[in-house]
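First the structure, in the form of structure tokens, and then the observations on it.
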Amino acid sequence: MEGLRFPVKKARVSSQMDHKRVQVGGQDLIDDLPDELLVHIFSFIPAIRDRCCCGAVSKKWSLLQASMPRSDYISRGFLLPRPTQEISRSFRGSEANDTRLVAMAIGIDARGVLTNLSVIGTLPDSSPPPPSGHRSISDVGLSIVAGACKSLKSLSLFKCPKITGWGIGSVGHCIGLERLELVDAMSVTDDGLVILAIRCLNLSSLSLVSCPNVGNHSLQAFAKYSRKLKSVTLASCPLITDSGIVSLVANRSGLETVKIASMKLSDIVLQAITCYSRKIQILLLDNVWGVSDMGYCWIGLARELKCLVLKACVGLSDRCMARVSSASFAGIRKLAINNCSLLSDWGLFELTSSARELENVLLHSCKSFTYRGLMVAIGNCSQSLKTLALIKCDFLDEQRDQANSFPLAQHCPLLETVKVDQCRGIGDDFILWIGASCKQVTDVSFTRMDSITDRGIRCFLSQLKGSNKMARVDLTGCTRVGNWSVWAITRECKASLKRLVLRGCGRVNDRGAAVIARRCAKLVELDLGGCDISDEGVKKLARDEPIDLEVISLAGCTRITDRSLLVLKKYMGPGLERVNVAGCTGVSKAVINWLKLYIDEVDY
């Protein structure tokens, strides 16, 4: 183009110093300087930004920078006093590399004291892969952090394959470490964990998940030195056997939490846990095998038990629970049973018969319980129950319509949260019982329940009249629920309702949206995804005096167009933070980009 001249880049002029400071082979001569001289040079750099830049030159410089105490800087008279604020840092994906850890370790001095560090080396499969050339965290970066941040109290490492035993051993410099969590630590060995156990005497929580090279030697070291240990989690560690677990629990009688998953155990392990750890309050057994009926009977000796989680426990049956004293579970507050196929109504009855303090019950993938057995169990703990969750269970009872001799729960004065998801054998009669017996309920979730109808929802809410405190209603995937349920919900819960989820309720249409806009003034979250909503329904929601929503979802509403988004921007309150229009084929990309200028999160 005539009249336009581009700037000419000047060639770099090499000096004699550039040639003299480089040896044959390309190595910088400055690396030959003694460490003491480099430290003296660094002491003249008070600015944190400059120190971080110097530390990024090489690993040697980074190690020297991180090892320098604050008092070594000659210009320390210009430095502010060290802050005492506790700082937490988390690195994910491409951010989890040595360079960022080094910069954080050097610069953290002016901001506070690093106490919590979490590193997630590889994000889940659904996340985008790290860029090519990405370097993950290694032993060098971890050792620099351990040397510079000796006040570290909590360390979590997820999927860091380059961390070995040497790197974990360097964490021993953090003598105040209280919590260590290793997940998918493929290269960590016993050597590093033994060193850490010897040095970090304040360790109170230990979690080893998918550590294939960690064995019994590590547990024996923690058993000997970690006298303050309160919580232990072991999962998918094939080299850890019964002897290692027994040695740990036998020497650490103060254990309060024991979680074991995806491991083979014998009866002696449960016997040791309950006999030696008399203060144990939380016990989780997930996908363990090798334990017999007699082995599970030892759980009854844990008289201080507050939380019991049993998931896919091979060998757990009614006969085992019948051998346990009825007073064994008197103090339990949370009970979770997941996919224990040999456990039926009688086992559930034994677990709850004396549980007068039971507050939280979770039944997941249970196919052997009946509706009658469920109601009997609820009746046993009706005066203390606060949360009830039933997920993917089959409560099938051939004699359900016949009179039974078991007492049913008549009143649950403290029940606040009820969640029922994909359960067979439960329908309108169950939610009618909730309305009649649970007057304090504030959060109900009936998701993917084809057996629940408009009639059941209307009768359920009418029974709560006068005591309705409902703050959240979730009817996701209830295909037999329509505008009649919306009408009942908005009439009975309008004074307290804040979150309403109707995703996948195809019978809800524009008329239902109009009722919601007219009655629910306190609503902050509304999900109409998959409903029969059009632009007219969105217009009714965004009326002259719209609801001050924070989150609205119209995902899968194929009848809405760009007009709906324009209406949302024009009429919705200033608090609207998130809009979900994923799967809305009538919405254009241009309008979505325009909406992003005004709303923080737009999912499409």
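Assorted remarks:
- Unmet criterion (only one of (1) outside the structural domain of Glu550 (by TED's automatic domain parsing); (2) surrounded by 19 or more Cβ atoms within 10 Å (Cβ to Cβ); (3) of a type in the set (A, V, I, L, M)) for Ala471: (2)
- All conditions in (1) crowded, with 22+ Cβ neighbours inside 10 Å; (2) of a type outside the set (Val, Ile, Thr); (3) within 23 Å of Val567 (Cβ to Cβ) hold for Lys540, with the sole exception of (1).
- Per-region count, the stretch 441-459, residues in a helix (DSSP H, G or I) and out of contact with any Ser or Thr (no Cβ under 6 Å at 6 or more places or on another chain): 4
- The test for being within 19 Å of Trp298 (Cα to Cα), β-branched (Val, Ile, Thr) and not in a loop (DSSP other than H, G, I, E, B) does not hold for Val171.
- From the list Arg278, Arg319, the one residue that fits, being without any contact (Cβ under 8 Å) to a residue 60 or more places away in the chain and not in a loop (DSSP other than H, G, I, E, B), is Arg319.
- Meets criteria (more than 21 Å from Thr241 (Cβ to Cβ), in a helix (DSSP H, G or I) and of a type in the set (A, V, I, L, M)) for Met294: no
- Verdict on Lys419 being closer than 17 Å to Val501 by Cα, among the basic types (Lys, Arg) and not in a helix (DSSP H, G or I): yes
- The condition of being under 27 Å from the mean Cα position of the chain (by Cα), over 26 Å from Ser253 (Cβ atoms) and either among the hydrophobic types (A, V, I, L, M, F, W, C) or part of a helix (DSSP H, G or I) (or both) does not hold for Val309.
- Looking only at the stretch 157-214, and only at residues there that are in contact with a Lys or Arg (Cβ under 6 Å, 6 or more places away or on another chain) and of a type in the set (D, E, K, R), the one that is farthest from Arg89 (Cα to Cα): Asp184
- Filtered by the rule that a residue be over 12 Å from Gly477 (Cα atoms) and either aromatic (Phe, Trp, Tyr) or crowded, with 18+ Cβ neighbours inside 10 Å (or both), the stretch 500-514 gives Leu500, Asn509, Asp510, Gly512, Ala513, Ala514.
- Lone unmet requirement of (1) touching a helix residue (DSSP H, G or I) at 6+ places or on another chain (Cβ under 9 Å); (2) at pLDDT below 85; (3) in a loop (DSSP other than H, G, I, E, B) for Ser126: (1)
- Annotation note: of Arg333, Arg323, the sole residue that is basic (Lys, Arg) and touching a Leu at 6+ places or on another chain (Cβ under 7 Å) is Arg333.
- Residue in the stretch 183-194 that is under 20 Å from Gly147 (Cβ atoms), part of a strand (DSSP E or B) and not basic (Lys, Arg) present: no
- Residue within the stretch 216-231 that is within 28 Å of Asp318 (Cα to Cα) and over 23 Å from the mean Cα position of the chain (by Cα) present: no
- Summed over the stretch 558-600, residues that are farther than 20 Å from Cys531 by Cβ, at pLDDT 90 or above and outside any helix (DSSP H, G or I) total 1.
- Residues satisfying the stated conditions in the stretch 205-229, i.e. surrounded by fewer than 20 Cβ atoms within 10 Å (Cβ to Cβ) and either part of a strand (DSSP E or B) or out of contact with any helix residue (DSSP H, G or I) (no Cβ under 6 Å at 6 or more places or on another chain) (or both): Ser205, Ser207, Val209, Ser210, Pro212, Asn213, Lys224, Arg227, Lys228
- In the stretch 356-388, residue nearest to the chain's Cα centre (by Cα) [restricted to those that are part of a loop (DSSP other than H, G, I, E, B), surrounded by fewer than 21 Cβ atoms within 10 Å (Cβ to Cβ) and of a type in the set (Ser, Thr, Tyr)]: Ser365
- Residue within the stretch 540-557 that is at pLDDT below 90 and not in a loop (DSSP other than H, G, I, E, B) present: yes
- Here is the figure for the stretch 549-598: residues that are among the hydrophobic types (A, V, I, L, M, F, W, C), under 33 Å from the mean Cα position of the chain (by Cα) and surrounded by fewer than 16 Cβ atoms within 10 Å (Cβ to Cβ) total 2.
- Given (1) in contact (Cβ under 8 Å) with a residue 12 or more places away in the chain; (2) farther than 30 Å from Cys459 by Cβ; (3) polar (S, T, N, Q), number of the condition Asn593 does not satisfy: (1)
The values are calculated or read from the model by the stated rules, or taken from the named source; none is laboratory data. Remember, predicted model here, so these are calculated numbers, not experimental data. Positions of Cβ are generated from backbone atoms using ideal geometry, with glycine treated the same way; all protein chains shown enter the neighbour counts.
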